[in-house]
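The block underneath contains the structure these notes are about, expressed in structure tokens.
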């Protein structure tokens, strides 16, 4: 293990918070050890690492450190690995995807899934949309975190109007009958955020598919649509 990795792990352990640890573990429903380290501290460590390596010109060293961090069965250390990669959002690429794809086999909580999927995968997709076909295949995975992650990987681009709604709609249609709670929880979130960049697409999609969503999902999904469009979706009855 690299000296720098060891130092990062030691910094995390030195800032453990025994009072918060059991609450975090219970809230995240994770089997990993929790130290209760505050998020601002982890973000600070990630920024320090980024500042020290942002001019390296490649991600080889970064990948090695985050791989080593992720291998540690401590929730807070894994969170740090994701936080570091988020700092390199302008550099992450297909090689980063090769590194983090296997992480989904270890994920056991929504926080790690969401941070990795929205901001790391999302940044990779923004920079290289050729990776999306492989990510889209995750909707067929037995692993619910891969299914959730696939949907969330398009969120960053959709928020900015720089994605392709077709990708998201295709994946949504693949998992609309999914019975896994954490997969279903993404439906309204993904559509709501897409409404920031592609309100017309979300409006049309909901007008054709409203009956496939719960009332709560529909209400959440129209949050960023123009008022008149949101009203039309909410008031249209597809059951008669």
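Quick one: order 194, 91 by neighbouring beta-carbon count within 10 Å, fewest to most.
Details: 194 26, 91 18.
By the 10 Å Cβ count, ascending: 91, 194.
Across the range 127-240, the mean sequence separation of Cα contacts (distance under 8 Å, 6 or more residues apart), normalised by length, yields a relative contact order of 22 percent.
What relative contact order, as a whole-number percentage, does the range 1-84 give when Cα pairs under 8 Å and 6 or more residues apart are counted?
Values: 84 pairs, mean separation 29.2, N = 84.
Relative contact order, the range 1-84: 35 percent.
Remark: the Cα gyration tensor places the chain in the prolate category, a/c being 1.5 or greater and a/b exceeding b/c.
First check a/c for the range 132-240, with a ≥ b ≥ c the square roots of the eigenvalues of its C-alpha gyration tensor; if it is under 1.5, answer rounded, and if not, answer prolate when a/b is larger than b/c or oblate otherwise. Oblate is the answer for the range 132-240, as a/c is 1.5 or above yet b/c matches or exceeds a/b. With contacts taken as Cα pairs under 8 Å and at least 6 residues apart, the chain reaches a relative contact order of 12 percent.
Tell me, 53, 2 in order of fewest to most beta-carbon neighbours within 10 Å?
Working: 53 19, 2 12.
The order, fewest Cβ neighbours first, is 2, 53.
Remark: 237, 114, 51, 174 ranked as 237, 51, 174, 114, counting other beta-carbon atoms within 10 Å and listing the fewest first. Rounded, prolate or oblate: which fits the range 69-154, taking a ≥ b ≥ c as square roots of the Cα gyration tensor eigenvalues, rounded meaning a/c under 1.5, else prolate when a/b beats b/c? Since a/c reaches 1.5 but b/c is at least a/b, the shape of the range 69-154 is classed as oblate.
No value in this document is a laboratory result; all are computed from the given coordinates. Keep in mind it's a predicted model, so treat the numbers as computed, not measured. Here Cβ is always computed from backbone atoms with ideal geometry, including for glycine, and neighbour counts include all displayed protein chains.
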